[in-house]
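The structure appears below as structure tokens.
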């Protein structure tokens with residue numbers, strides 16, 4: 001489990017840095033565009049390439065991490081990808097477009113949230129594949145009213 005993250009001189013975080021303390025097994029990180037959500041996920045994914053950032057792991061034991069963000073989508077879900085998703089929406093390019101729409105940062109994007117929130121298996125797969133911790137990144141106020149995400153919200 002990650003106990004805290006120090007972010008400095010990376011993305012939207014300046015040389016003064018910022019600290020995320022008091023992290024739990026499940027954390028919900030949300031903010032407006034440009035606030036640093038993707039930067040946090042990139043630091044978790046590859047701390048070694050970010051010398052000014054630090055992650056403190058419980059008992060000093062770093063866990064193997066899997067980060068599912070727009071970088072992962074860009075790198076793995078395109079027309080040349082050999083990754084077969086859990087769900088098939090036609091070509092992998094269509095999967096990437098649908099996943100990108102699921103970000104739904106604007107309140108008017110309720111269709112994508114309703115679609116994802118109406119499919120319990122999307123959340124079930126994410127939660128059951130989490131070995132020790134689950135980090136949910138996005139606009140909590142928007143997502144918590146979308147179907148099964150309301151249940152997830154109650155546990156955060």
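When the residues of segment 55-68 are filtered to those that are touching a strand residue (DSSP E or B) at 6+ places or on another chain (Cβ under 8 Å) and part of a loop (DSSP other than H, G, I, E, B), the one that is modelled with the lowest pLDDT is 63. Every condition in (1) modelled with pLDDT of 70 or more; (2) crowded, with 18+ Cβ neighbours inside 10 Å is met by residue 118 except one, and the failing one is (2). Look at (1) closer than 18 Å to residue 156 by Cβ; (2) part of a loop (DSSP other than H, G, I, E, B); (3) touching a residue at least 40 places away in the same chain (Cβ under 8 Å) and you find that residue 22 fails only one, number (3). Consider segment 25-54. How many of its residues are under 23 Å from residue 141 (Cβ atoms) and part of a strand (DSSP E or B)? Summing the residues that are under 23 Å from residue 141 (Cβ atoms) and part of a strand (DSSP E or B) in segment 25-54 gives 4.
Just one residue in the set 16, 4 is over 30 Å from residue 150 (Cα atoms), modelled with pLDDT of 80 or more, exposed (fewer than 15 other Cβ atoms within 10 Å of the Cβ) and out of contact with any helix residue (DSSP H, G or I) (no Cβ under 6 Å at 6 or more places or on another chain); that residue is 16.
Does residue 88 count as part of a helix (DSSP H, G or I), surrounded by fewer than 15 Cβ atoms within 10 Å (Cβ to Cβ) and modelled with pLDDT under 70?
On the way: part of a helix (DSSP H, G or I): no; surrounded by fewer than 15 Cβ atoms within 10 Å (Cβ to Cβ): yes; modelled with pLDDT under 70: yes.
No: the conditions fail for residue 88.
Given the criteria loosely packed, with under 13 Cβ neighbours inside 10 Å and either at pLDDT below 85 or farther than 19 Å from residue 151 by Cα (or both), does residue 41 qualify? When the stated conditions are applied, residue 41 does not pass them. Test each condition in (1) more than 19 Å from the chain's Cα centre (by Cα); (2) modelled with pLDDT of 85 or more; (3) more than 23 Å from residue 9 (Cα to Cα) for residue 80 and report the one that comes out false. Unmet for residue 80, out of (1) more than 19 Å from the chain's Cα centre (by Cα); (2) modelled with pLDDT of 85 or more; (3) more than 23 Å from residue 9 (Cα to Cα): (2).
The values are calculated or read from the model by the stated rules, or taken from the named source; none is laboratory data. All of these numbers come straight from a predicted model, not from anything done at the bench. A quick note on method: Cβ atoms are made from the backbone with ideal geometry, for glycine too, and the neighbour counts reach across all protein chains shown.
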